[in-house]
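Below is one structure, written out as structure tokens; comments come after it.
The values are calculated or read from the model by the stated rules, or taken from the named source; none is laboratory data. Because the structure is a prediction, the values reported are computed rather than measured. Every residue, glycine as well, gets a Cβ built from its backbone with ideal geometry; the counts of neighbours run over all protein chains shown. All accessible areas refer to the heavy atoms of the entire protein, side chains included, with ligands and DNA or RNA removed. Shrake-Rupley method; radii C 1.70, N 1.55, O 1.52, S 1.80 Å.
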Amino acid sequence: MLNRTCLPSDVIAFVVFCRLRYRLTLRDLSEIMALRGIEVSYEAVRDWEAKLLPVMGDALRKRRFGKRRVSGASWYVDETYLKVRGRWVYLYRAVDQDGNLIDAMLSDHRDMKAAKTFFHSARATVGFRPDRVTTDGHGSYPRAIRTVLGKVVSHRISAYLNNRLEQDHRGIKGRIRCMRGFKSHDAAHRFCREHGEFRDLLRSRRRYNQPVSAPFRRFRFATGARVALGIMQNA
């Protein structure tokens, strides 16, 4: 089997790109490469993913830092469930009023400590705090918001208004469904967080419910793909 040093960086970047973008398992990618005459083990694909995803994610977060700060900025925060080694864990996610990604974090627990850690991470990722945060009725959020974001940030509890985020969870849930769970917390956190950055990069809409033409959608995809592939090729 081939290892990383035997293949050009653009081929490796393309494999990791497909791993994030499409509903393919590690073995699926190994078989697809075999059709192109390149014999690669699924363990090699996993190693490439572990090395390149954090590099790409950090670069994309730096691109977003300080941007999308507008008057009346609003965050929508919620958690969804994933399985890691047969145990249910919590994926905290936040988007802004237009559906753009704020941050994502995997936690073993759904409590005050996890909520505070997530808000610290979200604020550090985007470089600002919102004017308003919308969550469900979980009791840890009010205090976590006051402590981390400050009392000037208004907190709104509404399951109905958080439906946009509930629907957005389908992106990561649909992607990992074919993977049959994760074997470690670190691998799950890495994939979920970097998948969110990657998906946000390729997102064609920049406003909530914005109509997008097919040519513009293809343009956005091609532009984002070049950015992601370029980062991973140079890693």
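Pull out all pairs, ordered by first then second residue, where Cβ-Cβ is under 6 Å, the residues are six or more apart or on different chains, the first lies in the stretch 6-32 and is more than 20 Å from residue 221 (Cβ to Cβ), and the second is aliphatic (A, V, I, L, M) and outside any helix (DSSP H, G or I).
30/40
For the stretch 100-118, enumerate the residues that are open to solvent by less than 40 Å² (accessible area, probe 1.4 Å), in contact with a helix residue (DSSP H, G or I) (Cβ under 6 Å, 6 or more places away or on another chain) and within 20 Å of residue 185 (Cα to Cα).
Across the stretch 100-118, the qualifying residues are 103, 104, 105, 106, 107, 115.
Checking the condition open to solvent by 60 Å² or more (accessible area, probe 1.4 Å) and under 25 Å from residue 47 (Cβ atoms), which residue from 183, 151 passes? Full working, then the answer.
Details: 151 fails: under 25 Å from residue 47 (Cβ atoms).
Criteria check complete, one pass: 183.
Within the stretch 100-197, considering only strands (runs of 3 or more DSSP E) that don't extend past its boundaries, which have at least 3 residues that are more than 16 Å from the chain's Cα centre (by Cα)? Steps first, answer last, please.
On the way: elements: 101-107, 132-135, 154-157.
Filter on the stretch 100-197 gives 132-135, 154-157.
Kindly indicate whether residue 164 is free of Cβ contacts under 8 Å to residues at least 40 places away in the same chain and within 29 Å of residue 185 (Cβ to Cβ).
Numbers: free of Cβ contacts under 8 Å to residues at least 40 places away in the same chain: no; within 29 Å of residue 185 (Cβ to Cβ): yes.
Spelling it out, it is not the case that residue 164 is free of Cβ contacts under 8 Å to residues at least 40 places away in the same chain and within 29 Å of residue 185 (Cβ to Cβ).
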